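Student: Before we start, here is the structure in question, set down as structure tokens.
Values quoted throughout were computed directly from the atomic coordinates according to the rules given, and no laboratory measurement underlies them. Predicted, not measured: the structure shown is a model, and the values here were computed from it. Cβ coordinates were reconstructed from backbone atoms using ideal geometry, including for glycine residues, and neighbour counts include every protein chain displayed.
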Amino acid sequence: MRYIYLLAIMLSVSAPAFSKHIIGGVFSYVCNGGGNYTFTLKMYRDCSDPTGAYFDNNAPFSIYKQEANGTYTLQTTIFRSPQIVTPLEPAENPCITIPPNVCVQEGIYTFDYQFTDWPSASSYHISYQRCCRNATISNIVTPDQVGATFTVELTPAAQVLCNNSPVFDNFPPIVVCVNEPLVFDHSATDAEGDQLVYEFCSPLLGGGQGGGQGCNAILPNPACPPPYTEASFVNPPYSPLNPMGGSPQMAINPLTGMLTGTPNLQGQFVVAVCVKEYRNGQLLSVIRRDFQFNVAVCQQLVDAHVNTPGLTAIGADYFLKTCYDLDIPFENLSTNNSFVDSVQWQFDINGNTQLYDTWNLMVNFPAAGLYEGRLILNPGSECNDTANIFVEIYPEVLANFDYDYDTCVAGPVSFLDRSAIIGAGQLVKWRWQLEPTVADSIQRNPVHVYEMTGTTFVKLEVEDEHGCKDDTVRSVVYQPVPAIILVKPNDTISCAPATVFFNNQSSPIDANYTIQWDFGDGERGTDISPTHTYLDTGTFDVRLEITSPIGCYTDTIFSQLVRILSPPVAGFSFDPTNPDNFNPVVNFFDESVDAKYWDWYVDGQLVAQMPNFSYTFPDTGLHEVRLIVVHPEKCLDTLVQYLDVVPKVTFFLPNAFTPNEDTVNDLFMGTGVTRGVTNFSLAIWDRYGQKIFETDRIDEPWNGQVNNSDKAALNGLYVYVVSFTGPRGEPFEYRGYATLLR
């Protein structure tokens, strides 16, 4: 399909004039003999924004000589203005439209220089530096803050041979389309026919946004000496060897210089290609071209595009395979309408080519078969495009089936496929939906046993080798009696009173059948799956009768199906009957009748599974004790009793203490079991009736000082009164005497 219309591209963004114009350049040289050389710099700038900087007039080109110790000596700086400035345009094509903001210029600087020390054993480096690159560059770090160094090395070997450098043949494409294959001849020509080897390399940085004329100046004067800093790439995915990404990744043939790949990221990318020149295996020169590739979203100017349900597109070819659909609509989705002057549809039908000139088209094909057609935009014009259409219509498929079964005795239903193809072909797949709640069958003639009765809608879908399908639905009436009566009680041995659920698993039956149950204890029922309660003990026969809606009958007697036993009786005693926190261990004794298993629970926690056991209560208060006993036939009985573990309190006070700070008997304080005590009060008076200490904290002692201050109480006899409330609200009071001795 041809050709492309560039939808969007951005070659620059708003910024100061010094920070946007450089998009590449390359140095080359010609040896005129006797140490005289002509040097040429081809430099490229973005001219899309009038605020961008122009090519430098009096641009400084500095020549450095490499000394034996590795340093570089400035020989001279030559100032030149561009001799030629040429606008560069893409190759002209009437089917390509370029937006007006795409502008690239080439400026050519040329100067001669006579080397006095020639041929020299040292290299000469000719360099020019300038800031800055476009801020919109995607693959290097801070592009708007760095510029470029354009340099060429005149090696000693090249001087001896009066070598001429290679010169690149072609200018790189201004615009590259994203996700479109790129093939560009990046080769060079060498006047002496030397061997050339191509590779990706790193662009060189130079200049900056600083003031003055130093290395970080916009235009360093003189240019700074080697070595030069290589550009830092944004990782991932970019690097000098992968400057644009892509799938496949951009690559350059080392022998031909052919650059290939498919860029898949939109943006602007700095790419550097180095060509190394060899003669008889000796490296003479390295020429580095640095250029900005602009990858943009592209669209075909006229693009023939067709659509209809089921259509598959492969490039410019459209394929439709349909199952006996003779009337096929084709929708013309071609673009760009403003460039489409006329359309023509062509279809080859029965040996004749049918022509149509409508934008959209409905084609009535006569029968199944293969047909070819095409949609041509602007037929006869240079800017045209064609979509090729291939239609294959398969023969008609018709689904059909029969079925058969014994109407009175429950059994399988046999299904027989009667489907056909009207024309050549064969059926390869069958899919039966025999009932909504079971898995489908993929057999051609399945046999199915229905668990439920009634009318079922059965669907058959068939498919031929081309994937063409048809389906049909028929109703199947199924109302036999069960071949076998199956009953599954939830319990057959239990204790009276026992409630038994009889799960009737006979199939097929439903609410339209007549059901009669005889439970064996004189009671009857008519539910399909009833629940019955046995009040008396004994062994019982159960009888079930089933009659279908069409009068078919069957019955079964289940002898001695249910056995009802007497239930167990739970009982227990315990000792002591009045435990307390000083005596919390209680012994429990089983007194149950007909118990085989025992589960003892205290406050909801399982603590024992034996007839008798002992238990230590961890706390006072009322506790629930539950015994669950199990009959040998799994019948249960439960007994619950409550025990009160009484909280008791003890409290003792000394009759003397010696607060002499010898750490022995220095404090007057009560001891005992006081958990749960509230409203505590301790008061102490001297013999004159003066209160010298009082506290409401049971853990606060008297230290022998007046009110526990720094004033010592006198030796002698003191009166104390202690009162508090017990855990269950009972009052306690203690009165006595305490002797203080120091």
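Student: When the Karplus curve 6.51 cos²θ - 1.76 cosθ + 1.60 is applied with θ = phi - 60°, which whole-Hz ³J(HN,Hα) does each residue of the range 216-222 get, with x for Gly and Pro?
Tutor: 9, 6, 4, 10, x, 9, x
Student: How do the peptides 78-86, 59-67 rank, highest first, by the average count of neighbouring beta carbon atoms within 10 Å per residue?
Tutor: So the order, starting with the most tightly packed, is 59-67, 78-86.
Student: Across the chain, how many lysine pairs, 8 or more positions apart or on different chains, have C-alpha atoms separated by under 25 Å? Please give the number.
Tutor: Lysine pair count for the chain: 12.
Student: Please give the contour-minus-distance gain from Asp644 to Thr499: 0.36 nm per residue of separation, less the Cα-Cα distance, rounded to one decimal in nm.
Tutor: Length difference between fully extended and current span is 48.4 nm.
Student: Please give the Cα centre distance for the range 194-243 versus the range 369-397, rounded to the nearest Å.
Tutor: 54
Student: Want the number for Asn655 to Lys429: 0.36 nm per residue separation, take away the alpha-carbon distance, what's left?
Tutor: Gain in length upon complete extension: 70.8 nm.
Student: How much FRET efficiency would the formula 1/(1 + (r/R0)^6) give for Asn364 and Arg418, where r is the Cβ-Cβ distance and R0 is 41 Å, rounded to 0.05?
Tutor: The pair Asn364/Arg418 has a calculated efficiency of 0.85.
Student: Let me ask something else about it. Treating the Cα atoms of the chain as identical point scatterers in vacuum, please give the log10 of the normalised Debye intensity I(q)/I(0) at q = 0.09, 0.10, 0.12 Å⁻¹, two decimals.
Tutor: -0.95, -1.11, -1.28
Student: Taking the Cβ of Arg418 as the center, what net charge do the other residues with Cβ under 13 Å away carry, scoring Lys and Arg +1 and Asp and Glu -1?
Tutor: Net charge in that neighbourhood comes out at -2.
Student: Rounded to the nearest Å, what's the spacing between the alpha carbon centres of the range 682-729 and the range 56-72? Just the number, please.
Tutor: Between the Cα centre of the range 682-729 and that of the range 56-72, the gap is 103 Å.
Student: Further, regarding this structure: Which distance in Å, rounded to a whole number, links the C-alpha centroids of the range 107-185 and the range 275-305?
Tutor: Each part's Cα centre sits 13 Å from the other's.
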